[in-house]
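S.K.: This is the structure, below, for whatever I ask next.
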Amino acid sequence: MEKILVLDFGGQYNQLIARRVREQHIYAEIRAYNRITPEEILQQGYRGVIFTGGPNSVYDESSPHYDPAILNAGIPILGICYGCQLMAYMGGGEICAAGEISEYGRIEMRHTGGALFKNVPEESTVWMSHRDYVKTVPKGFTVTAATAHCPTAAMADEERRLYAVQFHPEVTHTECGKQILHNFLYDVCGCMGDWIMADFASRQIEYYRNKIGDKKVVCALSGGVDSSVAAVLLHKAIGQQLTCIFVDHGLLRKDEGDIVEHTFAGLFGMRLIRVNAQERFFAKLAGVTDPERKRKIIGEEFIRIFEEEGKKLGKVHYLAQGTIYPDVIESGSENASVIKSHHNVGGLPDVIDFDELIEPLNTLFKDEVRAIGKELGIPEALVMRQPFPGPGLAVRTIGEITPEKVRTLQEADAIFREEMDAFGWGRRASQYFAVLTDTKSVGVIGDERTYGWTVALRSVDTDDFMTADWSRLPYELLEKVSSRIANEVKGVNRVVYDITSKPPATVEWE
Ligand code: XMP
């Protein structure tokens, strides 16, 4: 199998680089720069190496350096950002601080050709984010691209198959980034593209089967995409040695608890413990209206239940979680201010007596996890599921939570989802749901005055959920949903559509 090494110098886009390589059907592995020598790189048969970016300046004493022998090892290398500067520095070039004119963001670049720029227009937009730049290229290299403020936006030594770019080809803002990486992988490294997602799944299954041996694993299953895929993958690896715990807090969407049980216990034959804790959660939430308190209560109760269930299982060797790569980045951002205390299963490691955490998906992005889910035979409806917050309908039932209000919301939400699918919008919007506002208003049915709840519909389009726009749903669809909810859901007499983007609003109402 062809593989590319992503040599990690501490940049923020390292996983993204690996993902871009995988997208082009070539397997990519990330290794820390100080964990693999040039000899090992050659022995392990990598077709090429990508030096990642990094936060340092090559002249910092503590900055990561690499053995210059790699430049003469005969293996193709692509340096990106810091990787570009490091390559220049290792080869005897000169690096300079950009000072006032450091570049950040979308910049116009002009190239002069070479293997890396095949099928790339002479002028194109690239994404820059740097303070230093290469002032003089090392012996054997020529400058192959420049911007207004960066004399070496790219350099190459075609003979030794060494290439470097100051910009980031892996981010989508670089117009021709995909083509540039394709040129490196296929033309320079000579890859044929023999890798598919199914290989990842079978490698992981094999790996965990060997690693776990005859030990026990517990997995917290929420029915969401990530934990479902992690659980099925491990189930394929170790079968009944895996126990999944699924806590039904009564705040799931209509029929969702049963669907999860039916899918995992029924379809896959997994050992599944469903904890029906609806009453416990409702009791704890009675009278609580503050959104943050709701989230805290639910998070804490979740952990308490796991603790109880965990104790029943005795000693567990491994705790499995469906952490995916974006979760790893998010939990790494120490300075971000808390807008909402997001709740997944973060507190579990503290309350279950286990030896090791396993996170089989922690190098993957959401769409890759979905692709694996499909490979593993998880039903489409589950794999393509839209995000659902851990505290569930508690943050979509504004004000006090009662079982009756939650039931009302479940009915309205089910109608909305049904009609979104019927109108062909189910896959077009990124996330959509109903909210039970805490407002009642006057209405009329026949000759009768009514005084009922207002349901808000929310549908957003987004790439990353950090910002979002409201979906321009067709009037006919809104009309149908509104009329069905007002007619079919007892206690609701008014339906409104939320036309606020994020920011200033958030996706969820609480
Ligand atoms: P907001 O409301 O913060 O939501 O704009 C952004 C995305 O995150 C989801 N969300 C959560 N996901 N636990 C989760 O796992 C949570 O506590 C949580 N709160 C919000 C939300 O549904 C949207 O997709």
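S.K.: From largest accessible area down, sort Thr289, Thr402, Thr408; use a 1.4 Å probe on the protein chains.
M.R.: Numbers: Thr289 80, Thr402 45, Thr408 15 Å².
From most accessible down to least: Thr289, Thr402, Thr408.
S.K.: Could you tell me which residue out of Thr462, Ala429, Ile445 lies farthest along the dipole of region 423-470 toward its positive end? Charges go on the beta carbon: Lys and Arg +1, Asp and Glu -1, centred on the Cα centre.
M.R.: The listed residue farthest towards the positive side: Ile445.
S.K.: Alpha carbons only, please: Rg and Dmax for region 189-298, in angstrom.
M.R.: For region 189-298, the Cα radius of gyration and maximum Cα-Cα distance read 18.3, 65 Å.
S.K.: To check you understand DSSP bridge types, tell me what percent of the beta bridges within the chain (both residues inside) are antiparallel, rounded to 5. Numbers along the way, then the final one.
M.R.: On the way: 36 of 76 bridges.
Beta bridges within the chain, antiparallel portion: roughly 45 percent.
S.K.: Another question about this same structure. Set the Förster distance to 51 Å, then compute FRET efficiency between Glu261 and Asn72 from the Cβ-Cβ distance, nearest 0.05.
M.R.: Numbers: r = 60 Å, r/R0 = 1.17.
Between Glu261 and Asn72 the formula returns 0.30.
S.K.: For region 3-188, compute the orientation-averaged projected area of the C-alpha convex hull (one quarter of its surface), in nm². Walk me through the numbers before you get to the answer.
M.R.: Working: hull surface 36.2 nm².
With the hull built on Cα positions only, its mean projection is 9.1 nm².
S.K.: Using the Cα centre of the chain as the reference point, and only Cβ charges (+1 on K/R, -1 on D/E), how large is the resulting charge dipole? Debye, rounded to the nearest 20.
M.R.: On the way: 56 positive and 72 negative charges, 156 e Å.
Charge dipole, the chain, about its Cα centre: 740 debye, nearest 20.
S.K.: With a point put 7 Å past each Cα toward its Cβ, work out how far Lys215 is from Arg271 in nm, to one decimal.
M.R.: 1.5
S.K.: Which value in deg cm²/dmol, rounded to the nearest 500, describes the helix-derived mean residue ellipticity at 222 nm for the chain, given -39,500 (n - 2.57) per DSSP H run of n ≥ 4 and division by the residue count? Mind dumping the intermediate values first?
M.R.: On the way: 15 runs with 158 residues, N = 510.
Result for the chain, helices only: -9500 deg cm²/dmol.
S.K.: Provide the solvent-accessible area of Phe51, counting protein heavy atoms only and rolling a 1.4 Å probe, rounded to the nearest 10 Å².
M.R.: Rounded to the nearest 10, that gives 0 Å².
S.K.: Note down, for region 197-383, the three equivalent ellipsoid semi-axes (square root of 5 times each alpha carbon gyration tensor eigenvalue), biggest first, whole angstrom.
M.R.: 26, 19, 17
S.K.: A further question follows. Suppose R0 equals 25 Å. What FRET efficiency, 1/(1 + (r/R0)^6) with r the Cβ-Cβ distance, do Ala283 and Lys440 give to the nearest 0.05?
M.R.: Working: r = 25 Å, r/R0 = 0.99.
The calculated FRET efficiency here is 0.50.
S.K.: Roughly what % of DSSP beta bridges within region 3-188 run antiparallel, to the nearest 5?
M.R.: Working: 21 of 38 bridges.
Given both bridge residues lie in region 3-188, the antiparallel proportion sits at roughly 55 percent.
S.K.: Suppose every Lys and Arg Cβ carries +1 and every Asp and Glu Cβ carries -1, with no other charges. What dipole size does region 3-188 come out with about its Cα centre, to the nearest 20 debye? Before the final figure, lay out the partial values.
M.R.: Details: 16 positive and 21 negative charges, 90 e Å.
Its charge dipole is roughly 440 debye.
S.K.: Still on this model: Normalised by the number of residues in region 224-293, what is the relative contact order in percent for Cα pairs under 8 Å and 6+ residues apart? Present the calculation step by step, with values, prior to reporting the outcome.
M.R.: Values: 55 pairs, mean separation 25.2, N = 70.
After rounding, I find 36 percent.
S.K.: What translational D, rounded to a whole number of µm²/s, comes out for region 396-497 from Stokes-Einstein when the hydrodynamic radius is the Kirkwood one over Cα pairs, at 4 °C and 1.567 mPa s?
M.R.: 92
S.K.: How much length, in nm to one decimal, is gained on full extension between Ala505 and Thr467, taken as 0.36 nm per residue of separation minus their Cα-Cα distance? Kindly include the intermediate steps, with their values, before the conclusion.
M.R.: On the way: separation 38, 0.36 × 38 = 13.68 nm, distance 0.94 nm.
Difference between extended and current length: 12.7 nm.
S.K.: Same structure again: Per the Kirkwood formula on distinct C-alpha pairs, the Rh of the chain is how many angstrom? List each step's numbers first, then the result.
M.R.: Numbers: mean 1/r = 0.0390 Å⁻¹.
Hydrodynamic radius (Kirkwood, Cα only) of the chain equals 25.7 Å.
S.K.: Still on this structure, please answer the following. Considering amide H positions built from the backbone, and no H for Pro or chain starts, which residues 5 or more places from His130, or on another chain, come under 5 Å of its amide H?
M.R.: Glu103
S.K.: Which Cα, out of Val171, Val406, Cys81, lies furthest along the positive dipole direction of the chain (beta carbon charges, K/R +1, D/E -1)?
M.R.: Ranked along the dipole, the leading option is Val406.
S.K.: Please identify every one of the trypsin sites (Lys or Arg not before Pro) in region 473-510 that sits in a loop by DSSP and has no more than 15 other beta carbons within 10 Å of its own beta carbon. Walk me through the numbers before you get to the answer.
M.R.: On the way: sites: Lys480, Arg484, Lys490, Arg494; in loops: Lys490.
Of the trypsin sites (Lys or Arg not before Pro), the ones in loops of region 473-510 whose Cβ has at most 15 other Cβ atoms within 10 Å are Lys490.
S.K.: Placing +1 on the Cβ of each Lys and Arg and -1 on the Cβ of each Asp and Glu in the chain, which of Ala265, Phe354, Tyr186 has its Cα farthest towards the positive end of the resulting dipole?
M.R.: With unit charges placed on the Cβ atoms, the residue in question is Ala265.
S.K.: Let's test the formula: R0 of 60 Å, r as the Cβ-Cβ distance of Ala148 and Lys315. What FRET efficiency results, to the nearest 0.05?
M.R.: Working: r = 63 Å, r/R0 = 1.05.
Efficiency for this residue pair is about 0.40.
S.K.: Follow-up question, since we're still on this one. On average, how much accessible surface per residue is there in region 197-383, in Å², for a 1.4 Å probe, leaving out ligands, DNA and RNA? Can you show the working numbers first?
M.R.: Working: 8560 Å² over 187 residues.
The answer is 46 Å² per residue.
S.K.: What accessible area per residue comes out for region 396-497, rounded to a whole number of Å², with a 1.4 Å probe? Walk me through the intermediate numbers first.
M.R.: Numbers: 5260 Å² over 102 residues.
Normalised by residue count, the accessible surface of region 396-497 is 52 Å².
S.K.: In Å², and per residue, what accessible area does region 3-188 have when probed at 1.4 Å with the other protein chains present? Walk me through the intermediate numbers first.
M.R.: Values: 7720 Å² over 186 residues.
Per-residue value: 42 Å².
S.K.: For a quick check: with amide H placed at 1.01 Å from N, whose amide H comes under 5 Å from Ile30's, ignoring anything fewer than 5 positions away on the same chain?
M.R.: Under 5 Å from the amide H of Ile30 lie the amide H atoms of Val6, each far enough along the sequence or on another chain.
S.K.: Let me ask something additional. Just subtract the alpha-carbon distance of Glu479 and Asp60 from 0.36 nm times their residue separation and send over the number in nm, one decimal. Before the final figure, lay out the partial values.
M.R.: Values: separation 419, 0.36 × 419 = 150.84 nm, distance 6.26 nm.
Gain on stretching Glu479 to Asp60: 144.6 nm.
S.K.: Note down the magnitude of the dipole of region 149-286 about its Cα centre, charges +1 on Lys and Arg C-beta and -1 on Asp and Glu C-beta and zero elsewhere, to the nearest 20 debye. Let's see the in-between values first.
M.R.: Working: 15 positive and 17 negative charges, 155 e Å.
In debye, rounded to 20, region 149-286 gives about 740.
S.K.: I would also like to ask the following. Based on the alpha-carbon gyration tensor of region 1-80 and its eigenvalue square roots a ≥ b ≥ c, which shape applies: rounded if a/c is under 1.5, prolate if not and a/b is larger than b/c, or oblate? Don't skip to the answer; put the middle values down first.
M.R.: On the way: a/c = 2.19, a/b = 1.23, b/c = 1.77.
Verdict is oblate for region 1-80.
S.K.: Still on this model: Given a 1.4 angstrom probe, I'd like the percentage of the accessible area of the chain that is carbon and sulfur, rounded to a whole number.
M.R.: Working: 11330 of 23010 Å².
Accessible surface attributable to carbon and sulfur in the chain totals 49 percent.
The values are calculated or read from the model by the stated rules, or taken from the named source; none is laboratory data. Given the structure is predicted, the values throughout are model-derived calculations rather than measurements. Cβ coordinates were reconstructed from backbone atoms using ideal geometry, including for glycine residues, and neighbour counts include every protein chain displayed. Just so you know, the surface numbers come from the protein's heavy atoms only, side chains and all, with ligands and any DNA or RNA stripped out. Shrake-Rupley method; radii C 1.70, N 1.55, O 1.52, S 1.80 Å.
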